[in-house]
Amino acid sequence: MRRILLAYHRPGKPREEERVEQLAQTVAMLARGRLAVDTMVVDEVDEAAGERYDAIYLLMFTRGGHWLSVIEATGRTPKLIPLHLTAAILASRAAEAGARRLLLLGLRARRLEHLQLEDLGRLSLLLATWKLGMSYQLLEAIDSQPRMQEKWCRSDTLVAPLALLDGKLADHARALAKACGAAHAGPLLHHSAPTIAAWIAEDAAYPRV
């Protein structure tokens with residue numbers, strides 16, 4: 001049996017960590033006895049985790065400081081939620097909302113910002129295959145207020161946080177969508193947990209040689 005770790009950023013709202021535990025349970029169920037799945041806050045990932053687990057999954061979308069911190073702590077490169085999967089999820093939410101544009105709200109990486117921007121650029125290219133435009137705002141701090149962008153404040157825009165769990169970033173995205181008169185997509189684990197769990201289970205239980 002392979003052992004995997006799901007590492008996540010501590011959420012800003014109570015009980016959101018239960019969603020990560022539920023995700024781990026779903027992954028284990030889908031793997032049908034092939035996986036033992038643990039969870040850990042990313043700040044607590046240490047060298048021992050690199051030795052204990054066959055794979056580490058960082059429940060984030062882009063490379064940046066947290067991605068680097070896992071590498072530094074464990075000597076292992078964690079797997080991120082694939083950009084193509086993120087694009088497919090966002091495209092599905094956009095279709096449901098009748099949106100033609102996406103405005104993503106995220107937190108600027110304190111380290112390796114150039115890799116974060118590179119990943120967002122790749123995400124934009126992937127979304128273009130669904131004929132969706134994409135823009136983004138990266139807040140300097142979690143308490144920063146997002147800027148209004150009139151060209152994106154339209155009824156055919158979907159505002160989405162670059163977050164799996166509920167917290168201040170998701171609150172900012174909700175408020176921005178309301179102010180813009182745009183549609184809003186909540187944190188990804190709130191509406192797409194089965195899709196994310198299925199990818200992790202397939203990737204971890206049946207690794208490609």
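Quick notes on this one:
- Close amide H contacts of Met60 (hydrogens built in the peptide plane, cut-off under 5 Å, sequence separation of 5 or more or a different chain): Ile81.
- Sequence-separation-based contact order of the chain, relative, with Cα cut under 8 Å and 6+ spacing, percent: 22 percent
- The 3J(HN,Hα) values that the Karplus relation (6.51, -1.76, 1.60; θ = phi - 60°) gives for the range 37-47 are, in residue order, 10, 10, 10, 7, 5, 4, 5, 9, 5, 10, 4 Hz. Gly and Pro appear as x.
- Shape category assigned to the range 106-180 from the gyration tensor of Cα positions, a/c cut at 1.5: oblate
- Where Rh is the Kirkwood radius over Cα pairs, Rg/Rh for the chain: 0.97
- Taking 0.36 nm per residue of separation and subtracting the Cα-Cα distance, full extension of the segment from Asp38 to Ser155 would add 38.0 nm.
- Under 5 Å, built H, 5+ apart or other chain: amide partners of Arg10: Val42, Asp43
- Antiparallel DSSP beta bridges within the chain, as percent of all bridges there, nearest 5: 0 percent
Since every read-out is calculated from the coordinates, none of them should be taken as a lab result. Every value quoted in this text rests on a predicted model; they were computed, and no experiment measured them.
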